[in-house]
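For reference, the structure is listed below as structure tokens.
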Amino acid sequence: MVTQSMDSKENGSLDIKISVENGRPPDPAQWAVDDVFNYLKSAGFEEQAGAFKDQEIDGKSLLLMTRNDVLTGLSLKLGPALKIYEFHVKPLQTQNMKKNSS
């Protein structure tokens, strides 16, 4: 569930607050590098999450990654790289495409 609230500041601008799920913004495109790291770490890929952090992969970058990027671009072992792409990156990309097309 996403909740959003807006507060008026003294200068007239709005302070928009978006709720977070599991410490991350609900939209992967808004994730910072640490959000991607924490997502992969919580999915059981602690060692591999460090490679994403080292390469400064944020949410927008994650959503642009190809299968080949994950398998060869991060120097990960093949097994975990396949699982990360198929069960995490690809579903996030699909979910993001569906959301943006509606």
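General observations
- Any hit, segment 38-55, residues being of a type outside the set (K, R), touching an Asp or Glu at 6+ places or on another chain (Cβ under 6 Å) and not in a helix (DSSP H, G or I): no
- In segment 56-80, the residues that are of a type outside the set (S, T, N, Q) and part of a helix (DSSP H, G or I): G59, K60, L62, L63, L64, R67, D69, V70, L71, L78, G79, P80
- The listed residues are D58, D35, D54, D69, and the only one of them that is without any contact (Cβ under 8 Å) to a residue 12 or more places away in the chain and either surrounded by 17 or more Cβ atoms within 10 Å (Cβ to Cβ) or among the hydroxyl-bearing types (S, T, Y) (or both) turns out to be D69.
- Failed item, numbered, when Q48 is tested on (1) modelled with pLDDT of 95 or more; (2) under 9 Å from the mean Cα position of the chain (by Cα); (3) crowded, with 18+ Cβ neighbours inside 10 Å: (2)
- Residues satisfying the stated conditions in segment 56-93, i.e. small (G, A, S) and either farther than 15 Å from E46 by Cα or in contact with an Asp or Glu (Cβ under 6 Å, 6 or more places away or on another chain) (or both): G59, S61, G73
- Which numbered condition S101 fails, given (1) at pLDDT below 95; (2) surrounded by 13 or more Cβ atoms within 10 Å (Cβ to Cβ); (3) among the small types (G, A, S): (2)
- Qualifying residue in segment 60-76 (condition: under 17 Å from R24 (Cβ atoms), touching a strand residue (DSSP E or B) at 6+ places or on another chain (Cβ under 8 Å), modelled with pLDDT of 95 or more and not hydrophobic (A, V, I, L, M, F, W, C)): no
- Note on segment 20-32: residues that are surrounded by 13 or more Cβ atoms within 10 Å (Cβ to Cβ), of a type in the set (S, T, N, Q) and part of a loop (DSSP other than H, G, I, E, B) amount to 0.
The values are calculated or read from the model by the stated rules, or taken from the named source; none is laboratory data. Only a predicted model underlies this, so the values are computations on that prediction, with no experimental measurement involved. So basically every Cβ, Gly included, is an ideal-geometry build from the backbone, and we count neighbours across all protein chains shown.
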